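Everything on this sheet refers to the single structure shown next.
The values are calculated or read from the model by the stated rules, or taken from the named source; none is laboratory data. What you see is a predicted model, and the numbers here were worked out from it, not measured in a lab. Cβ placement follows ideal geometry from the backbone for every residue including glycine, while neighbour counts extend to all protein chains displayed. With ligands, DNA and RNA removed, areas are computed over all heavy atoms of the protein, side chains included. Shrake-Rupley method; radii C 1.70, N 1.55, O 1.52, S 1.80 Å.
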Amino acid sequence: GDSVLRDEAIVEIETDKVAIEVPSPADGVLAEIALVVGADAAPGALLGILNTETSVIPGPPKAEPETLGIEGRRDRPGVPDRAARARNDGGGETRLSPLVRRLIADRKIDVAALSGTGRDGRVTHKDVEAYLSSPVHGGGDSSPAGGRAKRIPHDSMRRNIAEHMTRSLATAPHVTAVFEADFSAVMAHRQVHKTAHAQARAPLTFSAYIIRAAALAMTVAPNVNSRWHDDALELFEDSNIGIGVALGEKGLIVPVIAKAQTLTLQQIAQRLGELTDKARNGKLAPADVQGGTFTISNHGVSGSLFAAPIIINQPQSAILGVGKL
């Protein structure tokens, strides 16, 4: 029943790695929602039906031709462009996705009390969940012992990460081996070259060295660069190395450096810096987190010398955990 304009976000699809807003392909009215909130959507699945025969904004007859406007955009008479719509609606309910509108209606929340972190300041369902989890707005709870407790709802990413880790333990046997490495030469090399790399926008972190070393090591031990199947190991020519990036309280994401065996140390450092920035700013594309053949978890940044279990990122065959230097 909601009216939507072309390019307005109408649904959000989440994986355990990224969240993607799907824009409306045309003006119209949402006639049917085929999948309920939280349902699994297979590739190509029908998400909903948009009635494009219903006029959203009064204007000249539809027979009037489209004209190519500023920056190649097709301007339609009577339909304001996206920027104009954003200015005119003042950040009100017309910019809310159906999921957010439903959450607000069900919980009787005043939209004006919400702070939007989405594109152009738009309120997302995570903003609503954050608002609800705060003690002032009902997030507090009385514990059986009489003290105060706070419930923080899991978001989809955190739930999916937990399910993925549990499945991994049940899928393949996990064996942890611990080795000690002398980093003196690496530390000395970094001290000499880090300024030049920084000027080339390739921050020379220890993670870059570890990725480079892993890529070279897998040319010697190719069985490590493989994918586990019930009946065989699938060996890959390219070392597509994922590196775990913490997202604060939200969880962990693993962007992938493709064909790491073909890259120099500086190229790895540059790509790693780009992916880390994109991950922490929520700008990763699906392609940035796909196709990994090996994963590195740099848990040592938190100060831990050793972490166990290090859960294999299925369907890969191995993972490297790096402790404190």
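Screening the candidates LEU30, LEU46, LEU35 for the property of being of a type outside the set (Ser, Thr, Tyr) and in contact with a Pro (Cβ under 8 Å, 6 or more places away or on another chain) yields one hit, LEU30.
Tell me, yes or no, whether the range 93-109 has at least one residue that is over 25 Å from the mean Cα position of the chain (by Cα), part of a loop (DSSP other than H, G, I, E, B) and modelled with pLDDT of 75 or more. Yes, the range 93-109 contains a residue that is over 25 Å from the mean Cα position of the chain (by Cα), part of a loop (DSSP other than H, G, I, E, B) and modelled with pLDDT of 75 or more. Number of residues in the range 290-301 that are open to solvent by 30 Å² or more (accessible area, probe 1.4 Å) and over 14 Å from SER207 (Cα atoms): the value is 2. Only a single criterion out of (1) open to solvent by less than 60 Å² (accessible area, probe 1.4 Å); (2) touching a helix residue (DSSP H, G or I) at 6+ places or on another chain (Cβ under 9 Å); (3) over 21 Å from ALA200 (Cα atoms) is not satisfied by LYS283, namely (1).
The single condition among (1) in contact with an Asp or Glu (Cβ under 6 Å, 6 or more places away or on another chain); (2) among the hydroxyl-bearing types (Ser, Thr, Tyr); (3) open to solvent by 80 Å² or more (accessible area, probe 1.4 Å) that SER156 does not meet is (3).
Taking the condition of being open to solvent by 10 Å² or more (accessible area, probe 1.4 Å), in a loop (DSSP other than H, G, I, E, B) and within 21 Å of ALA170 (Cα to Cα), how many residues in the range 213-243 meet it? Matching residues across the range 213-243 total 4. Residues that are open to solvent by 50 Å² or more (accessible area, probe 1.4 Å) and of a type in the set (Ser, Thr, Tyr) were ranked within the range 248-280; the one that is farthest from ILE20 (Cα to Cα) is THR264. Among the residues in the range 32-52, are any touching a Lys or Arg at 6+ places or on another chain (Cβ under 9 Å), modelled with pLDDT of 80 or more and not hydroxyl-bearing (Ser, Thr, Tyr)? Yes, some residue in the range 32-52 is touching a Lys or Arg at 6+ places or on another chain (Cβ under 9 Å), modelled with pLDDT of 80 or more and not hydroxyl-bearing (Ser, Thr, Tyr). May I ask you to verify whether THR176 is of a type in the set (Ser, Thr, Tyr) and not in a helix (DSSP H, G or I)? In short, yes.
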